[in-house]
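Just below is one structure, and these are the notes that go with it.
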Amino acid sequence: MTFAHARRRTFTRALLATGALAAAMLCSTAHADALASIQKAGVVQVAIPQDFPPFGSLGTDLTLQGYDIDMARLVAQELGVKVELVAVTSTNRVPFLTTGKAHLVISSLGKNAERAKVIDFTQAYAPFPKSVYGPKEMAIKAPADLAGKTIGVTRGSTEDLALTKVAPASATIKRYEDNNATAQSYLTGQVQLVTLGNIVANAVNERTKLRQMDAKFAVEDTPCYIGVAKGEAALLQKLDAIIAKAKADGRLNAMSQRWMKMPLPASL
Amino acid sequence: MAYEFQFGPVFEYGDLLLRGAGFTLGLTAAGALLGGAIGVAGGVCRAWRIAPLHWLFKVYVEVIRGTPFLVQLMFVFFGLPSLGLHINEWQASLLTTVVNLGAYTTEIVRAGIQETPKGQLEASQALGMGRWAMFRHVVLRPALRKVWPALSSQIVIVMLGTSVVSQIAAEDLTFAANFIQSRNFRAFETYLVVTAMYFALALLLRHVLNWIGRRWVVARRAPPATAPRPAMEGAA
């Protein structure tokens with residue numbers, strides 16, 4: 001064995017050792033019990049949206065308000081800690097979680113396979129529905145009631161696909177270029193009903209009193225989940241219990257009524 | 001990068017495409033007939049300065065020719081219901097097409113009528129022709145003969161322009177294209193097929209208009225002109 005060779009081996013060992021140490025440190029951070037550390041610190045950091053009504057936005061008094069804000073407060077209350085709201089955007093909400101800048105993401109986060117690789121999801125806590133809307137006096141409760149009716153929808157949207165699937169053959173679907181034209185078609189009475197994302201419909205309802213849109217039933221729902229760092233079994237379990245409790249005692253339903261202007265869907 | 005063409009997913013919607021093409025053609029035909037009628041009436045009023053219609057048609061022509069077809073369509077479909085006038089998407093499409101084409105045709109026909117030499121009118125009076133016969137044979141037919149190519153072009157332009165009625169959910173050929181491409185995401189193939197269909201429709205329309213022109217408008221040929229023709233007035 002030459003001298004140079006030995007030195008190289010020592011160097012390699014040192015490198016490996018450093019690597020192992022770093023890995024161990026990373027693992028220990030990742031495996032620390034987040035629930036325990038939240039309770040110890042007495043504060044939970046929650047990533048929330050600040051420009052995405054009705055989930056989270058600044059009110060006229062410049063305070064954050066919305067479904068996600070209420071949910072963050074509810075979770076903190078149930079955990080018995082204070083809440084620290086961390087404003088995020090839709091693109092950086094997952095990185096905030098993976099880099100430890102927030103304990104939870106409550107930010108209208110949908111579940112998909114790509115995200116499930118890097119974070120864990122609780123049960124669904126919020127609906128993100130697309131519904132059929134119409135005049136209050138029109139009794140529409142299920143797709144079958146659409147028979148013989150004219151319904152406006154935005155062409156090629158996910159609600160178009162969902163509506164096309166469930167609408168009876170005698171229903172006439174009018175497909176407009178964009179959400180604006182779809183809403184307009186209802187407001188001007190060109191169609192009897194419309195299918196829109198609830199967020200869009202609520203925004204329209206807030207801005208005009210021409211013809212109120214009353215939610216009839218959801219044609220599609222891609223609900224929102226709370227995002228948690230991977231491997232936090234205790235925290236995940238606790239959050240699921242909180243969501244289940246809030247569903248059972250009607251608090252989620254009240255939030256849905258307040259922000260989405262519709263009851264919490266039974267499918268949630 | 002080689003693109004793999006798949007026309008199958010487009011032709012699955014063959015009946016939608018055919019119905020769309022039928023809507024486009026029907027809209028154009030009805031629009032051309034009614035718009036043409038407005039154009040003749042307007043052209044006469046403008047050329048002969050029949051008050052007060054002369055002024056009304058002037059305002060009408062200026063307003064319609066100075067605003068986009070799409071805006072006119074939106075106004076009719078989304079604006080008029082606020083006044084309590086509810087019309088559905090095909091009625092709105094037809095109304096807008098007629099009103100739009102009527103304005104352009106008014107100008108085209110006016111140019112044709114103004115070109116009729118005064119001497120021809122005096123000659124027909126000297127021959128003891130009735131007012132209606134004079135209008136038909138001495139004014140309208142020669143006028144239409146002169147402007148028929150311009151009129152045909154305008155009708156083809158309007159046919160292509162009707163593609164915007166898809167914006168108000170009227171199910172024309174463009175609607176069919178947008179619908180199909182939102183379902184199968186085969187945008188290239190879909191628009192390729194629809195482009196070819198529009199082109200075929202335009203060719204067909206041009207041939208039909210040429211035939212109508214030869215058969216009904218230019219049927220009785222004018223004797224070869226010996227004197228130089230007067231200069232055209234206005235844009236044709």
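A few points about this structure:
- None of A:188, A:172, A:182 is of a type in the set (Val, Ile, Thr), over 13 Å from residue A:218 (Cα atoms), in contact with a Lys or Arg (Cβ under 9 Å, 6 or more places away or on another chain) and buried (at least 18 other Cβ atoms within 10 Å of the Cβ) except A:182.
- When the range A:193-205 is limited to residues that are more than 14 Å from residue A:145 (Cα to Cα) and aliphatic (A, V, I, L, M), the one that is farthest from the other protein chains (Cβ to nearest Cβ) turns out to be A:199.
- Flag if residue A:190 is within 10 Å of chain B (Cβ to nearest Cβ) and without any contact (Cβ under 8 Å) to a residue 12 or more places away in the chain: no
- Residues of the range A:56-70 satisfying the condition of being of a type outside the set (Ser, Thr, Tyr), assigned to a helix (DSSP H, G or I) and touching a helix residue (DSSP H, G or I) at 6+ places or on another chain (Cβ under 7 Å): A:70
- Residue match in the range A:82-95 (condition: touching a residue at least 40 places away in the same chain (Cβ under 8 Å), away from chain B (no Cβ under 14 Å), outside any strand (DSSP E or B) and farther than 18 Å from residue A:223 by Cβ): yes
- Looking across the range B:172-212, the residues that are small (Gly, Ala, Ser) and touching a residue at least 24 places away in the same chain (Cβ under 8 Å) come down to B:176, B:177, B:202.
- In this entry, residue A:82 passes the filter for residues that are modelled with pLDDT of 95 or more, surrounded by fewer than 14 Cβ atoms within 10 Å (Cβ to Cβ) and not acidic (Asp, Glu).
- Those helices (runs of 4 or more DSSP H) of the range B:63-173 in which 2 or more residues are within 14 Å of chain A (Cβ to nearest Cβ) occupy B:69-74, B:89-114.
- Residue check for residue A:208: within 14 Å of chain B (Cβ to nearest Cβ), in contact with a Leu (Cβ under 8 Å, 6 or more places away or on another chain), buried (at least 22 other Cβ atoms within 10 Å of the Cβ) and polar (S, T, N, Q): no
- Out of A:111, A:101, A:117, one residue alone is surrounded by fewer than 18 Cβ atoms within 10 Å (Cβ to Cβ) and under 19 Å from residue A:50 (Cβ atoms). It is A:101.
- Residue within the range B:185-194 that is modelled with pLDDT under 85, surrounded by fewer than 17 Cβ atoms within 10 Å (Cβ to Cβ), of a type in the set (Phe, Trp, Tyr) and under 17 Å from residue B:6 (Cα atoms) present: yes
- Subset tally (residues that are within 13 Å of chain B (Cβ to nearest Cβ) and touching a helix residue (DSSP H, G or I) at 6+ places or on another chain (Cβ under 8 Å)) for the range A:162-178: 5
The values are calculated or read from the model by the stated rules, or taken from the named source; none is laboratory data. Source: prediction; values computed, not measured. Cβ: placed from backbone, ideal geometry, glycine included. Neighbour counts: every protein chain shown.
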